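Heads up: the structure comes next, in structure tokens.
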Amino acid sequence: MIAELGHFALILALCVAVAQAILPLAGASRRDAGWMAAGSSAAVVQLLLIAAAFAALTHAFVTSDFSVKLVAENSHSLKPLIYKISGVWGNHEGSMLLWVLILALFGALIALFGGNLPPTLRARVLSVQAMIGAGFLAFILATSNPFARLFPPPADGNDLNPLLQDPGLAFHPPVLYAGYVGFSIAFSFAVAALIEGRVDAAWARWVRPWTLLAWSFLTAGIALGSWWAYYELGWGGFWYWDPVENASFMPWLVGTALLHSAVVVERRDALKSWTILLAILTFSLSLIGTFLVRSGVLTSVHAFATDPGRGVFILALLVIAIGGSLALYAWRAPQLKGGGLFAPLSREGALLLNNLILATAAATVFIGTLYPLVLEAAGGGKVSVGPPYYNATFVPLMAPLVAAMAVGPMLAWKRGDLSGALGRLKFAAATALAALAAASALTWGRPVLGAIAMGAAAWIAVGVFAELAGRIRLGDLPLGQSLARARGMPRSAWGMTLAHLGLAGIIAGAAGAALWSEEKIIAMRPGQTVDLAGYSLLFEGAESRNGPNYTSVHGVFAVSRNRTPVTKLEPEKRRYVVGGQETTEAAIRTTAAGDLYAVIGDAQKDGGYVVRIYYKPLVAWIWAGAAVMVLGGLMSLSDRRLRIGAPARRERDLAPDAAPAE
Amino acid sequence: MRLIRPMLFGLAALLTAFAAAAVQPDEMLKDPAQESRARALSAEIRCLVCQNQSIDDSDASLARDLRLLVRDQISQGRSDGEIRDFLVERYGAFVLLDPPFRGSTLVLWLGPAIVLLAGAAGLAIYFRSRRRSAADAVALSDDERARLERLLDDRDRRA
């Protein structure tokens with residue numbers, strides 16, 4: 001009964017979304033306040049209806065109602081409650097429902113907190129948002145009904161894949177989706193602005209907080225997924241350039257470019273047309289990502305061609321949304337008047353360089369991800385595009401970005417003084433060279449790219465501090481006054497400082513872990529010792545253990561360094577009884593210098609065990625850096641100029657000499 | 001093991017391999033230099049029955065066969081290039097995670113550079129046209145200048 005109510009709520013939500021797509025749009029062109037206001041109420045009603053459907057599905061999972069097909073296929077009565085709940089989105093139908101729920105949530109937030117938007121803009125934004133919603137609700141109802149029943153119901157469910165029964169992964173999809181889908185707001189704003197034919201600094205100020213919010217979530221979601229892969233998959237990798245990862249990375253790259261170009265629209269009234277295009281592209285890439293992972297096209301082009309149902313539906317949505325918005329862009333964008341002028345060497349110019357490189361990077365990932373599919377579909381044979389391709393294309397692209405990153409924030413708007421900026425970066429350059437030299441000396445004989453990356457990370461980090469010092473005039477003014485200036489700095493400036501610092505951490509961590517990692521893969525018998533990266537690991541033994549729904553081999557290693565005991569590592573290898581799947585539970589000792597990572601494998605005939613020990617230098621910096629980056633996004637979001645719902649005129653409250661921020 | 005991510009996104013049917021077994025100690029070559037060559041090479045060879053894994057991190061039995069094959073060839077003294085050619089002859093270019101540069105992969109390899117150059121050219125054109133329109137905007141005609149002065153006078157009088 002409750003499942004049917006959920007299904008019914010979903011159908012009603014589709015009806016409301018259709019009304020919300022039409023009424024406010026028509027109202028805005030007829031200047032009918034009543035019709036425009038209907039958009040806001042519809043957005044809230046739509047959210048409530050989808051939330052009701054989501055709650056109904058969650059209820060079915062929590063109560064283990066196996067007469068619902070989805071629950072029977074993806075849950076089990078003995079599963080812990082948290083994984084019953086996360087099981088709701090651990091499958092195709094449920095995750096699409098989560099997708100539209102988040103879409104409707106963002107729509108309702110615009111309705112509730114968009115009181116300061118001009119009524120016509122708000123009406124049009126809500127209408128565009130509802131068009132997307134209607135498309136995906138129709139998709140769910142037509143091809144992926146999560147409430148389909150099963151008769152007769154089985155006695156128990158098939159269980160959720162044990163690898164997914166992990167707290168890190170339970171929250172990865174909602175966070176990732178909040179980012180992915182959150183970019184719909186920027187898209188709706190862009191399309192609404194094209195319909196209005198007007199883009200100004202106020203528009204940019206309304207779009208930026210939403211973009212920042214989506215970007216922060218997407219950053220956190222990607223980092224969470226990478227962290228889970230690192231500790232759960234059992235060999236210490238953190239990024240694979242897998243098409244599914246790329247699907248979330250492409251919107252992140254273009255979304256990052258969008259964040260930067262929106263600054264130029266806001267501060268200088270320039271780059272409007274380009275910013276609109278980026279907003280459209282960011283969400284288009286989210287849609288393409290949804291298509292890639294949802295249509296089955298990644299599995300096999302042939303499987304997609306022979307059983308196209310879902311794939312073709314999403315593809316049609318894709319063509320309508322992307323084609324329609326780009327056509328509208330081609331028609332209306334030329335009418336957008338460019339604003340402030342600037343020289344190539346200026347803050348605006350540096351932000352444009354950032355945009356050029358990030359857009360090229362996204363295009364590289366796009367080509368690498370889609371090329372094999374297109375080539376095969378066109379009958380050109382099968383080709384694999386793996387990490388070596390991205391190492392040869394994406395990584396070199398980052399070099400100019402990193403080089404410019406420290407310089408850009410020091411250039412003035414309109415016309416910058418490059419030699420002045422470089423002069424202020426002398427110390428950063430010296431530190432970067434010192435870091436490079438030190439890293440080369442420490443890792444002589446290893447890939448030199450690692451040392452270069454350390455230099456790059458030092459360049460960014462010290463550059464960030466040099467910029468901060470200049471902003472608060474450290475050393476120039478008495479310390480107290482400098483600190484007062486630091487306190488008075490706009491939060492969006494702190495946001496930039498933190499986000500850039502976070503990237504320095506990610507670069508250092510990724511390079512250290514990928515290029516300097518050490519490993520030992522050996523068969524060990526109890527009592528034997530293995531040495532790695534200055535640690536000594538004594539294998540004390542292994543025993544069989546019984547978990548709640550698995551049996552495991554549990555190994556114990558006593559770790560010491562210079563004969564001083566450090567810790568015990570206890571990796572496990574589990575075999576889940578129901579499905580027979582095996583998982584590794586790596587034992588990890590994390591320090592700022594690096595992670596010691598132990599995995600135990602199969603027992604050998606002679607009583608030994610296959611043991612894998614890895615040392616991953618600096619790897620924790622990746623996630624610490626990502627966390628700092630997200631913190632920067634949230635800090636910037638809390639800036640009162642950008643705060644959702646804060647009236648735009650508040651800007652005057654700021655001190656007139658408050659430095660420009662991004 | 002990395003197959004699990006597609007699974008999360010709904011491609012459950014794909015899952016074939018689970019444990020993170022990959023390279024086993026009994027497969028390894030005695031000579032550390034040869035073994036490290038084998039590791040580096042097999043990280044760039046695709047496990048053909050997996051979705052997106054190299055033979056170095058897959059525990060599929062085919063991956064093990066290929067790992068042993070690679071090591072066998074290395075101990076016979078073949079070069080990395082010869083082994084790659086041998087595998088491509090047997091399994092097609094699909095087996096290489098590092099796609100070869102040739103006619104069918106021209107767009108793949110040159111695409112990023114073309115995008116970058118096109119973008120840079122677009123930027124150059126943008127700055128040039130902006131400069132020209134800026135120059136246009138500065139040059140007011142005498143007529144316009146007179147009108148502007150009248151307007152400014154007007155405003156001063158009112159203020």
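The values are calculated or read from the model by the stated rules, or taken from the named source; none is laboratory data. Quick caveat, the model's predicted, so the values are computed rather than measured. Here the Cβ positions follow ideal geometry from the backbone for every residue, glycine too, while neighbour counts run over all protein chains shown.
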* Failed item, numbered, when A:Leu532 is tested on (1) under 30 Å from A:Gly470 (Cα atoms); (2) in contact with a strand residue (DSSP E or B) (Cβ under 8 Å, 6 or more places away or on another chain) -> (1)
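Let's see how each residue does on (1) surrounded by fewer than 24 Cβ atoms within 10 Å (Cβ to Cβ); (2) of a type in the set (Val, Ile, Thr):
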site: A:Thr211; (1), (2): no, yes
site: A:Ser216; (1), (2): no, no
site: A:Leu224; (1), (2): yes, no
site: A:Ser248; (1), (2): yes, no
site: A:Arg267; (1), (2): yes, no
site: A:Ala270; (1), (2): yes, no
* Asked: Within region A:158-241, which helices (runs of 4 or more DSSP H) (wholly inside it) include 3 or more residues that are at pLDDT 85 or above, under 15 Å from the mean Cα position of the chain (by Cα) and at negative phi?
  -> A:172-196, A:201-232
* To do: Give the residues of region A:354-405 that are among the acidic types (Asp, Glu) and closer than 19 Å to B:Val115 by Cβ, sorted by residue number.
  => none
* Asked: Counting just the residues of region A:340-359 that are more than 10 Å from chain B (Cβ to nearest Cβ), closer than 25 Å to A:Phe249 by Cα and among the hydrophobic types (A, V, I, L, M, F, W, C), which one comes out surrounded by the fewest Cβ atoms within 10 Å (Cβ to Cβ)?
  -> A:Ala350
* So which of A:Arg525, A:Arg446, A:Arg545 ends up being touching a helix residue (DSSP H, G or I) at 6+ places or on another chain (Cβ under 7 Å), charged (D, E, K, R) and surrounded by fewer than 18 Cβ atoms within 10 Å (Cβ to Cβ)? -> A:Arg446
* Asked: Within region A:232-272, can you find the residues that are at the interface with chain B (Cβ under 10 Å from one of its Cβ atoms) and of a type in the set (Asp, Glu)?
  -> A:Glu232, A:Asp242, A:Glu245
* Asked: Going by the structure shown, is A:Val207 touching a Leu at 6+ places or on another chain (Cβ under 7 Å), of a type in the set (Val, Ile, Thr) and closer than 29 Å to A:Phe249 by Cα?
  -> no
* For A:Ala377, which of the numbered conditions (1) in contact with a helix residue (DSSP H, G or I) (Cβ under 6 Å, 6 or more places away or on another chain); (2) facing chain B (nearest Cβ under 9 Å) fails to hold? -> (2)
* Residue among A:Gly547, A:Gly579 that alone is within 14 Å of chain B (Cβ to nearest Cβ) and closer than 24 Å to A:Lys79 by Cβ -> A:Gly579
* **Cβ pairs under 7 Å, 6+ apart, first in region B:23-39 and within 13 Å of B:Ile83 (Cβ to Cβ), second at pLDDT 85 or above and in a helix (DSSP H, G or I)** => B:Gln34/B:Ile74; B:Gln34/B:Ser75; B:Arg37/B:Ile74; B:Arg37/B:Asp80; B:Ala38/B:Val70; B:Ala38/B:Arg71; B:Ala38/B:Ile74
* Structure fact -> Subset of region A:207-231, residues in contact (Cβ under 8 Å) with a residue 24 or more places away in the chain and at the interface with chain B (Cβ under 8 Å from one of its Cβ atoms), comes to A:Gly225
* Asked: Is it the case that A:Ala192 is outside the structural domain of A:Ala327 (by TED's automatic domain parsing) and farther than 30 Å from A:Leu596 by Cβ?
  -> no
* Asked: Of all the strands (runs of 3 or more DSSP E) wholly in region A:531-634, which have at least 2 residues that are at pLDDT 90 or above, under 32 Å from the mean Cα position of the chain (by Cα) and closer than 30 Å to A:Leu503 by Cα?
  -> A:587-590, A:594-603, A:609-617
* **Single unsatisfied condition, A:Ser184 versus (1) under 19 Å from A:Phe54 (Cβ atoms); (2) surrounded by fewer than 22 Cβ atoms within 10 Å (Cβ to Cβ)** => (2)
* **Only listed residue being crowded, with 22+ Cβ neighbours inside 10 Å, away from chain B (no Cβ under 14 Å) and among the charged types (D, E, K, R), chosen from A:Arg122, A:Arg149** => A:Arg122
* Asked: In region A:80-100, which residues are buried (at least 22 other Cβ atoms within 10 Å of the Cβ) and either more than 14 Å from chain B (Cβ to nearest Cβ) or assigned to a loop (DSSP other than H, G, I, E, B) (or both)?
  -> A:Lys84, A:Gly90, A:Asn91, A:Val100
* Structure fact -> A:Gln335: passes all of (1) among the polar types (S, T, N, Q); (2) closer than 30 Å to A:Ile195 by Cα; (3) buried (at least 20 other Cβ atoms within 10 Å of the Cβ) but (3)
